[in-house]
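The values are calculated or read from the model by the stated rules, or taken from the named source; none is laboratory data. The structure presented is a predicted model; accordingly, all values stated were derived computationally and were not measured. Cβ coordinates were reconstructed from backbone atoms using ideal geometry, including for glycine residues, and neighbour counts include every protein chain displayed. When the accessible area is computed, the model is the full protein with side chains, heavy atoms only, and any ligands, DNA or RNA have been set aside. Shrake-Rupley method; radii C 1.70, N 1.55, O 1.52, S 1.80 Å.
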Amino acid sequence: MHITRTIDETRTAIAAAKAHGRRVGFVPTMGYLHEGHLSLVRAARENGADFVVVSIFVNPKQFGPNEDFDRYPRDEERDRRSLEQEGVDLLFIPSVEVMYPEDSTTMVSAGAVARPLEGQRRPGHFEGVATIVLKLFNIVQPDVAVFGRKDAQQCSVIARMVEDLDVPVRLVFAETVREGDGLARSSRNTYLTPEQRELAPVLHRALRAGEEALTRGVEHVETVEQLMLKIAAETPGVEVDYLALVDPRTFARPADFYRDLLLAGAVRIGKTRLIDNIAVSRASMPHTRGRG
Ligand code: PAF
């Protein structure tokens, strides 16, 4: 596996691969890799990539002043070994100075889909994400790029940006990888103490309760949200940030129930903030069965 740390060496290595007719797959990450990230590498291959590039960059612009940028877990050596075993071709590990030279000021404005839920609680977060993802796309120029569905709103922000700014890349959104008890894999899970880890699956349980209500035919946003809140409230030590039923294209309240929906949630356990979601397709809702 080739490791690069500058934009020039990265561009040169990728240009050489493209000159040999390779299809470039890209998985941007913030490192401290787990099975979820490795599944994105596999998804890149399954979607036609035969030269897989992974980036590791803890992007300061997507963290708020009181968030966990400084303590975000980092282990370059372990990440390098996992990616090598996974057969990744190129690992790009830029520094903050490489990605944001002192005189850089331009940011991508993420638009309406970035405003509710995560955007409301984490002002500037999606502008930071959109900016770094566009920069990385410009450096790597991938044929296909893969992101995890756990960050559902991030997926929608990136999809909107790619469409609005005519970025020539095919996006793939891969399924969330979960622990046996339903907890979505996340680098932030490592912050949890063993006692907090026991509480964490309540987020997935609450979302599942919302899903069951929708598949039973409940057609009232507040009823579904109250049901999820009730489940979360049964677990002391878990503070709900939001548990919401939204339209996955806009992240706003759904206009009706005749469309795909998304149940999205964020909770705090001690100092750790966890997010998760479940997509509910039209086909699994009773009133749409048999309809076109
Ligand atoms: O999902 C992440 O790990 C990050 O938000 C991303 C897409 C790598 C941008 O920093």
Worksheet entry | Residue that is most open to solvent (accessible area, probe 1.4 Å) [pool: residues in the stretch 160-184 that are under 12 Å from the mean Cα position of the chain (by Cα) and under 21 Å from GLY25 (Cβ atoms)] | GLU175
Fill in: Only listed residue being within 18 Å of the chain's Cα centre (by Cα) and either within 25 Å of ALA159 (Cα to Cα) or open to solvent by less than 30 Å² (accessible area, probe 1.4 Å) (or both), chosen from ALA264, ALA255
ALA264
Item to complete: Could you list, in sequence order, all residues of the stretch 203-252 that are closer than 16 Å to ILE275 by Cβ, β-branched (Val, Ile, Thr) and over 20 Å from the mean Cα position of the chain (by Cα)?
Response: VAL238
Worksheet item: So, in the stretch 70-115, of the ones that are open to solvent by 60 Å² or more (accessible area, probe 1.4 Å) and of a type in the set (S, T, N, Q), which residue ends up nearest to LEU40 (Cα to Cα)?
Response: GLN85
Worksheet, complete the sentence: Checked the stretch 233-249 for anything surrounded by fewer than 16 Cβ atoms within 10 Å (Cβ to Cβ), of a type outside the set (Lys, Arg) and over 30 Å from ASP70 (Cβ atoms); matches are ALA233, GLU234
Discussion item. Which of the helices (runs of 4 or more DSSP H) found entirely inside the stretch 102-202 contain at least 1 residues meeting this: within 16 Å of the ligand (Cβ to nearest atom) and of a type in the set (Ser, Thr, Tyr)?
Written reply: 125-140, 152-164
Discussion item. Test of understanding: among ARG42, ARG71, ARG81, which residue is more than 15 Å from the ligand (Cβ to nearest atom), within 17 Å of the chain's Cα centre (by Cα) and charged (D, E, K, R)?
Written reply: ARG42
Discussion item. Residue under question is VAL267, and the condition is that it be of a type outside the set (S, T, N, Q) and either in contact (Cβ under 8 Å) with a residue 24 or more places away in the chain or not in a loop (DSSP other than H, G, I, E, B) (or both); does it hold?
Written reply: yes
Worksheet, complete the sentence: ALA13 vs (1) surrounded by 15 or more Cβ atoms within 10 Å (Cβ to Cβ); (2) touching a helix residue (DSSP H, G or I) at 6+ places or on another chain (Cβ under 8 Å); (3) of a type outside the set (Val, Ile, Thr): all pass except (2)
Worksheet entry | Residues that are of a type in the set (D, E, K, R) and either outside any helix (DSSP H, G or I) or open to solvent by less than 10 Å² (accessible area, probe 1.4 Å) (or both), drawn from the stretch 16-46 | ARG22, ARG23
Worksheet item: Name the pairs whose Cβ atoms lie under 7 Å apart, with the first residue in the stretch 117-138 and among the hydroxyl-bearing types (Ser, Thr, Tyr), the second within 11 Å of the ligand (Cβ to nearest atom) and in a helix (DSSP H, G or I), and 6 or more positions between them or separate chains?
Response: THR131/LYS61
Worksheet item: Looking at LEU134, is it hydrophobic (A, V, I, L, M, F, W, C) and under 20 Å from VAL267 (Cβ atoms)?
Response: no
Worksheet item: What pairs come up if the first residue lies in the stretch 148-177 and is modelled with pLDDT of 95 or more and of a type in the set (D, E, K, R), the second is more than 14 Å from the ligand (Cβ to nearest atom) and open to solvent by 40 Å² or more (accessible area, probe 1.4 Å), and their beta carbons are under 7 Å apart, counting only those six or more places apart or on different chains?
Response: ARG149/GLU175; ARG170/ASP143
Response to the item:
Per the filter on the stretch 217-232, residues at pLDDT below 95 and either assigned to a helix (DSSP H, G or I) or of a type in the set (Asp, Glu) (or both) are GLU219
Fill in: Matching residues, the stretch 47-59, being open to solvent by less than 10 Å² (accessible area, probe 1.4 Å), more than 10 Å from the ligand (Cβ to nearest atom) and in a loop (DSSP other than H, G, I, E, B)
ALA49
